[in-house]
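All remarks here apply to the structure that follows.
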Amino acid sequence: MTLTVRNLCFAYAHQPILEGIDATFDAGKFTVILGPNGAGKSTLLASLAGILKPQTGTASLHGTDITRMPPTARARQIGLLPQGAETHWAISSEALVALGRIPHMRGAGTSADDRRAISAAMSATATEGFAHRPVTLLSGGERARVLLARVLAGEPEWILADEPLANLDPGFQLDILHLLRQQAEAGKGVIAVLHDLQYAVRFADHLVLLHQGRLFAQGGVDDVITPANLADVYGIDANLFKDEEGAVQLFIKGKVRP
């Protein structure tokens, strides 16, 4: 089961954002999209979610053009956590998470399956403790976790997350990364936009590196996170190494000297 983009191009007001992107994303893998600010990461994720329609090329789910799928069918299969998602209604956290079940609901009220999925999502994101608190009274980190729980409650086949670590303390950042890792290991396709290269190295199975709207590299950590690639794309001098426990780490020495 795959999500694919072929010759995908997108522009805002005739300003190219993505040009000729070809990439394949596999279920059961945790893919991280990397690149400097303005590289097109969020645009690529929105195209994969069917939110944006490319000017040319296609984004396909199991061979079907995502933009041609009925919205409800697409929502059952692809869950999107957008960057900087906000909530403006003083509904309870649990009610917000329950919105993730809308694509599955038939008739009024929640079913036993709905309630089970909501409970599991809140447990996974450690949000049960403020289930009845209005989301407008939550901290930024608490609200981010509730919004992720809403995505998980929909039990999508694919989880797409744009900067899911924003506003989270380091401990909760690790919790979210481990949770996304577990979702991939359970067979779901997980695609996240991250800025933190060190987290990408530690948690990703597959990396997609964008630069100036083009695909610069894709593949495993060793294929993508090379000193040459990091120097060319980020202008930094960095190397991979293994710590005393055998885990791959990234050491950034500094900026590349002119």
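What follows draws every value from the coordinates through simple rules; no lab data is involved. Model, not experiment: these values are computed from the prediction. No Cβ is skipped: glycine too gets one built from the backbone with ideal geometry, and neighbour counts run over all protein chains shown.
Worth pointing out:
- Full-stretch length increase - Gln83, His195 - with 0.36 nm per residue and alpha-carbon distance subtracted: 39.1 nm
- Principal-axis tilt of helix 140-153 within the chain, Cα atoms, nearest 10 degrees: 70
- DSSP-defined antiparallel bridges as percent of all bridges, segment 102-258, nearest 5: 70
- When the alpha carbon coordinates of segment 35-157 are projected onto the principal axes, the ranges are 45, 37, 23 Å, largest first.
- Principal-axis tilt of helix 170-185 within the chain, Cα atoms, nearest 10 degrees: 80
- Rotationally averaged projected area of segment 1-79 (alpha carbon convex hull; nm²): 5.3
- The gain in end-to-end length when the His132 to Asp113 segment is fully stretched comes to 4.8 nm, 0.36 nm per residue minus the alpha carbon separation.
- Relative counts (whole %) of C-alpha pair distances in segment 142-256, using bins that are 5 Å wide: 2, 10, 20, 22, 20, 15, 9, 3, 0
- A protection proxy built from the mean count of other Cβ atoms within 10 Å ranks the segments 212-220, 117-125, most packed first, as 117-125, 212-220.
- The charge dipole of the chain, taken about its Cα centre with unit charges on the Cβ of Lys, Arg, Asp and Glu (plus for the first two, minus for the last two), comes to roughly 660 debye.
- Evaluated at q = 0.12, 0.14, 0.15, 0.18 Å⁻¹, the base-10 log of the normalised Debye intensity for segment 89-215, with identical point scatterers placed on the Cα atoms, takes the values -0.48, -0.64, -0.72, -0.98.
- Segment 1-147, dipole about Cα centre (Lys/Arg Cβ +1, Asp/Glu Cβ -1), debye to the nearest 20: 220
- Cα-only Debye scattering, segment 34-102: base-10 log of I(q)/I(0) at q = 0.21, 0.24 Å⁻¹: -1.00, -1.11
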